[in-house]
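To start, the structure under review is shown below, and the notes come after it.
The values are calculated or read from the model by the stated rules, or taken from the named source; none is laboratory data. The structure presented is a predicted model; accordingly, all values stated were derived computationally and were not measured. Quick reminder, even Gly has a Cβ in these numbers, built from the backbone with ideal geometry, and neighbours come from all protein chains shown. The accessibility values were calculated without ligands, DNA or RNA, using every heavy atom of the protein model including side chains. Shrake-Rupley method; radii C 1.70, N 1.55, O 1.52, S 1.80 Å.
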There are 2 protein chains.
Amino acid sequence: MAADPQKVRFGIIGCANIARKVSRAILLSPNSTIVAVGSRSLEKAVAFAKDNNFPKSAKSYGSYDAVLDDSEVDAVYLPLPTSLHLRWAVLAARKKKHVLLEKPVALNVVELDEILAACESSGVQYMDATMWMHHPRTAEMKVFISDPQRFGQLKAVHSIFSYNSGTDFLNNDIRVKPDLDALGALGDIGWYCIRAILWASDYQLPKTVTALRNAEFNKAGVILSCGASLLFPEGELATFYCSFLGNLTMEISVLGANGYMRVHDFVIPFHENTGPFYMNANTKFAELSIGIEPSPTEHLVKTELPQEALMIKEFSTLVGKIKEHCSGTEKKWPTISRKTQVVVDAVKASIDKGFEAVEIVY
Amino acid sequence: MAADPQKVRFGIIGCANIARKVSRAILLSPNSTIVAVGSRSLEKAVAFAKDNNFPKSAKSYGSYDAVLDDSEVDAVYLPLPTSLHLRWAVLAARKKKHVLLEKPVALNVVELDEILAACESSGVQYMDATMWMHHPRTAEMKVFISDPQRFGQLKAVHSIFSYNSGTDFLNNDIRVKPDLDALGALGDIGWYCIRAILWASDYQLPKTVTALRNAEFNKAGVILSCGASLLFPEGELATFYCSFLGNLTMEISVLGANGYMRVHDFVIPFHENTGPFYMNANTKFAELSIGIEPSPTEHLVKTELPQEALMIKEFSTLVGKIKEHCSGTEKKWPTISRKTQVVVDAVKASIDKGFEAVEIVY
């Protein structure tokens, strides 16, 4: 039985753990399905398809190439180690497959530019798999921080993403291996903080990026924790901190002249179908500076589909438009992905230069 | 009618707005009372005493000296502009008055050392008026962040204190006048963030302090907003941001290897008799990285007396011990006040040096 022709047909390239969550999302999204999975080991691919409730018609391959050569595959999801992204994303694009690329998307912006050029040249959609961008909460938070009366001019952003990865991870995970994920914590989780900062600043690039003097490395030189301050053209300041060595925490706080907003589960909502955020506007000290007025409020945003399924749905909608209506690709996603990578690179450069300020020339 | 001799008898030097809150606190605290208030204007002193429900026996003076010369005054509260602290705190100490000094305590640590030496030499108690130190919540938060299992090694601290001070303040308030409060926002509110960072790190001093590249100044060169990163000997990182130009916000977040804690009203609790904080320990991603386990919890700490009255009670207890039992002074308070000032000075120095890292040599 062939897959529903109206659905975007995904091939999964690589059986990383995160691919389990994204496979579920592809199957949850109403406009997508999975038609193939490829691993270097056929057994692994077969087991992955079975364990993740793939449609019976889905094919399992013992190579990545086979997925790219499958004419039924419209789009690929690439959860490979970062150092393999350039090769496989470019190849996928050349084979006219739309590319949903796991983050960090590349080792540096030079690589990413090759990937984006290949996608552009083939007319395929590119998107990075930054799931939280697609939660309806994200849009509602943006409405609040764009409100001139209740929020006002952006002044400062702080973001943190950490998890205590544990001994096994620190010894064995691809994210701490210099040949696989050379960006370490900066790429794996700092990516989200940087995206959050860019999101809050309407995707303006910062003027200067200065890594904070506490970066920690493993013996191979891979970043285990780091932070940076980012200065924007209008004087706004952003700071972030990411770590494989601190308790699981994922926050954004955004300060405006007239308002303040915070979210404590921005990367992965604590609850799958609701996402809270907290805000306050035009806050003043109460009489005698005892307490404040008004009190902060919680705003709960519901979602029928989890954010990763909404990501797939959005990506598949764009792919569908290209397939069915010969539309052009949506430039927003490659643009913000590239800006995120530019800042990742600047943080890395600042660390490498002994925490000097790095200017961003766009 | 003389004041109850068992109570510590306060003289208030200067009728600043904050003195209203502290006067109320002195009257709320069971072991203190107000016996005098001095202003450069007698009318102001008389009106202040009346407006703030001073005991009828309290004296109003048209000078600060008169308060210091009043033998009934055991202790003075000094809410004068910072540039006047050195003169009046030293004079108060020489006249054997215990000194409760509003923050920022001095323009720099050289001045503060003169004040502390004068207090030490006269055997009078010194304390700065950092109210939140005295809320029982502060002690309970400390218990959590000291727990080796639930919190573990300290990794990162972030603190923010801002308020949108408004045009009138920015034109007229003493806190933006270079001759009165030359430290501007750094002294007025950055003080609290720095204290929070030192509190979280068990009053270790940082190794280096680097101001963040976004400091804003008024035309007279007074700091309106600034931030800094602080690197501690064990590699812990702290950042803070303070601003007269952002919505009223006052937060600490503290990340440990195994736990996380945050508080959103650390300087002035939103509600006078309860203070919440939020914590999570040993947090893991749930299966498929959908959600987390366990969820963060809110911990509410009640207090019978507001934190500023607890501050007065603690100060008065120490003064009472000195008066009645000839005890020595409690060194904790001058010690942490001095460390806070050392870091304030380092941030200022870093700003003045164009955001270079400043080493702290203790």
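Quick one: net charge of A:Ser162's neighbours, Cβ under 12 Å, K/R +1, D/E -1?
Overall, the nearby charge balance is -2.
Using unit Cβ charges (K, R positive; D, E negative) and no other charged atoms, how large, in debye to the nearest 20, is the dipole of chain A about its Cα centre?
Once rounded to the nearest 20, the dipole reads 540 debye.
May I ask you to derive the relative contact order of region B:140-213, considering only C-alpha pairs under 8 Å and at least 6 residues apart, and to give it as an integer percent?
Dividing the mean separation by the residue count of region B:140-213 yields 26 percent.
Residues in region A:305-346 near a label at A:Leu28, defined as backbone nitrogen under 14 Å from the 7 Å Cα→Cβ point?
A:305-314
A:Asn218 versus A:Lys50, label points 7 Å from Cα toward the beta carbon: distance in nm?
3.1
In sequence order, what are the phi-derived ³J(HN,Hα) couplings for region B:261-270 according to the Karplus relation 6.51 cos²θ - 1.76 cosθ + 1.60 with θ = phi - 60°, rounded to whole Hz, with x for glycine and proline?
These are the phi-based 3J(HN,Hα) values: 9, 9, 9, 10, 9, 5, 7, 9, x, 4 Hz.
Please give the FRET efficiency for B:Asp352 paired with A:Glu304, using the beta carbon to beta carbon distance and R0 = 60 Å, rounded to the nearest 0.05.
The value I calculate is 0.65.
Hey, what number do you get for chain B at 222 nm if only DSSP H runs of n ≥ 4 count, each worth -39500 (n - 2.57), divided across all residues, to the nearest 500?
Rounded to the nearest 500, it is -10000 deg cm²/dmol.
Nm distances between the label at B:Leu300 and the same-position labels in the remaining copies, 7 Å along Cα→Cβ, shortest first?
1.8
Heavy atoms only, probe 1.4 angstrom, no DNA, RNA or ligands counted: give me A:Asp265, B:Asp345 ranked by accessible area, highest first.
If we order A:Asp265, B:Asp345 from most to least accessible, we get B:Asp345, A:Asp265.
Given R₀ = 56 Å, FRET efficiency for B:Leu288-B:Ser71 by Cβ-Cβ distance, to 0.05?
According to the calculation, E is roughly 0.15.
If you count the DSSP beta bridges with both ends in chain A, what percent of them are antiparallel, to the nearest 5?
Percentage antiparallel, nearest 5: 60.
Taking amide hydrogens as modeled 1.01 Å from N in the peptide plane, which residues meet the under 5 Å criterion relative to A:Asp128, leaving out close sequence neighbours?
A:Leu101
With contacts defined as alpha carbon pairs under 8 Å and 6 or more residues apart, what's the relative contact order of region B:124-255 in percent?
Relative CO of region B:124-255 lands at 34 percent.
What is the interface area between chains B and A, defined as buried accessible area summed over both chains with a 1.4 Å probe, reported in Å² to the nearest 100?
Between B and A, the summed buried area is about 4800 Å².
Ordering A:Met250, A:Met133 by how much accessible area each has at a 1.4 Å probe, largest first, what is the list?
Listed by decreasing accessible area, they come as A:Met133, A:Met250.
Out of the total accessible area of the protein assembly as shown (probe 1.4 Å, heavy atoms of protein only), what percent is carbon and sulfur?
52
Could you work out the relative contact order of region A:188-280? I mean the mean sequence separation of Cα pairs under 8 Å and 6+ apart, divided by the number of residues, in percent.
Dividing the mean separation by the residue count of region A:188-280 yields 21 percent.
Rounded to the nearest 5, what % of the DSSP beta bridges within the protein assembly as shown are antiparallel ones?
60
Just read off the accessible area of A:Cys15 with the full protein assembly in place, 1.4 Å probe, to the nearest 10 Å².
Result for A:Cys15: roughly 40 Å² accessible.
Okay, which of region B:289-331 sit inside 20 Å, backbone N to the point 7 Å along the Cα-Cβ direction of B:His271?
Once the point is set 7 Å along Cα→Cβ of B:His271, B:296-310 turn out to lie under 20 Å by backbone N, inside region B:289-331.
Along region B:175-186, what does the Karplus equation 6.51 cos²θ - 1.76 cosθ + 1.60 (θ = phi - 60°) give for ³J(HN,Hα), rounded to whole Hz, x for Gly and Pro?
Working through the residues one at a time gives 6, 10, 9, x, 7, 10, 9, 4, 8, x, 5, 4 Hz.
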